[in-house]
1. May I ask you to sort L150, L372, L117 by Cβ crowding, counting other Cβ atoms within 10 Å and putting the fewest first?
2. Determine which residues of region 657-674 fall in the zone a paramagnetic label at L336 would reach in this model, i.e. backbone nitrogen under 17 Å from the point 7 Å along Cα→Cβ.
3. What's the angle, to the nearest 10 degrees (0 to 90), between helix 423-433's Cα axis and the longest principal axis of the chain?
4. State the volume of the convex hull built on the alpha-carbon positions of the chain, expressed per residue in Å³ and rounded to an integer.
5. Under 16 Å from the 7 Å Cα→Cβ point of Q568, by amide nitrogen: which residues of region 509-551?
6. Taking 0.36 nm per residue of sequence separation and subtracting the Cα-Cα distance, how much length would be gained by fully extending the chain between E20 and E218, in nm to one decimal?
7. Straight-line reach from K664: which lysines have Cα under 29 Å away, leaving out those fewer than 8 places along the same chain?
8. Mean separation of Cα pairs under 8 Å and 6+ residues apart, divided by the residue count of the chain: what relative contact order is that in percent?
Amino acid sequence: MTTYRLKGLDCPVCAGEIEEGIKKLEGVSSVSVDFGTLSMRVEARDLEAVEAAVSRIEPGVVAERAGTTGPAASGYALKRELAVFVVAAVLASCALFLEHGAPWGAGAGGLGPLAPLALYVAAYLLSGWNVVSGAVRNILRGKVFDELFLMTVATAGAFAIGQAEEAVGVMIFYKIGEMLQESAAERSRASVRSLLALRPDRARLRRAGEWQLVPAEEAKIGEEYLVLPGERIPLDGSVVEGEAFVDTQALTGEAVPRRAAPGTDLFAGTVAVDGALCARATRLSGESSAAKIVDLVENAAHAKARTERFVTRFAQVYTPIVVGLAALVAFVPPLLFREALSLWAYRALVMLVISCPCALVVSVPLGYFGGLGGAARRGILVKGATVLDALARARTVVFDKTGTLTKGVFAVLAVEPETGFTENELLALAAAAESRSRHPIAASIREAARARSLSDGTEDEASLVRELAGYGVIADLGGRRVLAGNDRLLGREGVAAPVAAGPGTTVHVAVDGRYAGRIRIGDNVKDDASRAIAELKRLGADRTVMLSGDDEEAVRAAAAELGIGEAQGGLLPEGKLTRLEAIIAQTSAAGGTTLFVGDGVNDAPVLARADVGIAMGAGADAAVESADVVLMTDEPGRVVEAILRARRTRKIVVENIVFSLAIKAGFLALGAAGLAVMWEAVIADVGVALLATLNATRAMR
């Protein structure tokens, strides 16, 4: 998939025409053009043919292959257009003065009646040249019915029936509306561009014993880098030396800086506020947290909702229908009732002016674009407008337990060896077996072993390790076969284990087929988890479920503490998936969608299967890749915020559709009845488009 920046694209209808034109090219597998980011993503055999086709379909638009930066700056030269508008307005004012002003009436001073007309024509061509030339160009290419055609026919018709003043006024007001709309859209783009500028270009790396400033993409995992006070952190890493407060607001939306000290994880795109930090890179530049945001936000703009696609199709059908109605209004009454043709032609022209579909074509995609950008600024990365729509209809939310609703910071509560083993021996064996596991339970066992000086935490203690999702680990430790996991693992391997008793999650340990004992692990729910569950119910997502591979007793205890009505533990990944599919079927029958929130490797299948999969940003890469929404923090409350933002975005989009269609329908009726003049029509059209655009930008906030 190749991404292009579309230089010179200043029309949402043109964006749709480019997309439709590229689709028809031979060898093009998929294409998506987004007016919000002024970009195109295409998969094709011949990219040179695609680039040439863009300029052929829309002369003046150039497709440039994207680099690693954010969206291109707008191709709309606002200052130039403003200068054109001022000159056109001055010429029109002079024409009005010559035509109506005293003592210079028409023909006064030997100027003649052609002088005002010449000024009107000059003002018209200056303000509307791009509209008229675009309409002619589209007609020659067989594309007749679009907003450029409507404006050209309406204003040319006004000249023909002697209404030059109104023709120029319509074009000038159209120019004003175009400038204001583009200004509002550019503010939204600029806001998202600032988000996409999170990824720093350069890093200060320790090389040959000194700090060298080099491109961030050249950094390797394990290299040390230095961040000075006030600088943006270039790479994901772990602090080696120094302390500072780190501003994470651009990445997570949190206003309060976090304290960073040796051992603290750092994320690219955040800022060291008050101190220098030396850190060791843990990810490449292209795999950092900031890079994830850049990729997810850019890709999201091309995942269009059904509403966006409907509006595009609607505009294609709506315009020919309105032209047909206007033609009937212009010619039927004069033919049937011998009314004056000029009277009904004027009414038809008023209908053409008000019928331009700009408000819908611009504001609906811009509303979704604003919703995606606004969520991203709060650390909620939504992979497309389709996902926003699905989030807005959430009725059931299914949670994993560990690391999602609980802190995932486990502590060993008890070490209970069997006869023939000591506590220290049991803990040391378990720590060695779990030395390569990323599971929070494994981390707690290693930490307990380190605290007793039984392990240094290195990964080579186990010569051969096999981790089984939903079971545990099997390790070969110097010829001894060690099992560490749940009772299912022991049952699978034919080792008898006593029934677990006591609080927490139980990890059973067996050595060479002999049961060695158990380790009980405790975990606590997150601070905002109970509040998040209560808020979900208040929002109408009143069915909350917990599905986990953890101990059944521990799962039910956590669910009861959080107020979750349904809970099931001891599930393997396939068991989670089966249970989730049943829940999805029930929720779908009621007209809602099902969300799944998780963060582990074994959550990837259910995240992909849910109507909307939500992954905690600190979770496993497989979970993040499979999810539809990525939370850059591990707060369950962000799930509530994601739903609220999706519903607000959806509400704004619906408001724009209803408002635009209602106003236009009303003015079409007034125009046909002769109760609206062309001035009122163009002001109404520009006003509707501007208000709808401004309303769409609310989604960014």
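Coordinate-derived values only; no laboratory data. Everything numeric in this text was worked out from a predicted model, so none of it was measured. Counting neighbours? That spans all protein chains shown, and the Cβs are built from the backbone with ideal geometry, glycine included.
1. Ranking L150, L372, L117 by Cβ neighbours within 10 Å, fewest first, gives L117, L150, L372.
2. Answer for region 657-674: 669, 672-674.
3. Long axis of 423-433 versus the principal axis of the chain: about 40 degrees.
4. Per residue, the Cα convex hull of the chain comes to 202 Å³.
5. Within reach of a label on Q568: 544-551.
6. So the chain would gain 67.3 nm between E20 and E218.
7. Qualifying lysines at Cα under 29 Å: K143, K175, K304, K651.
8. About 13 percent, as a whole number.
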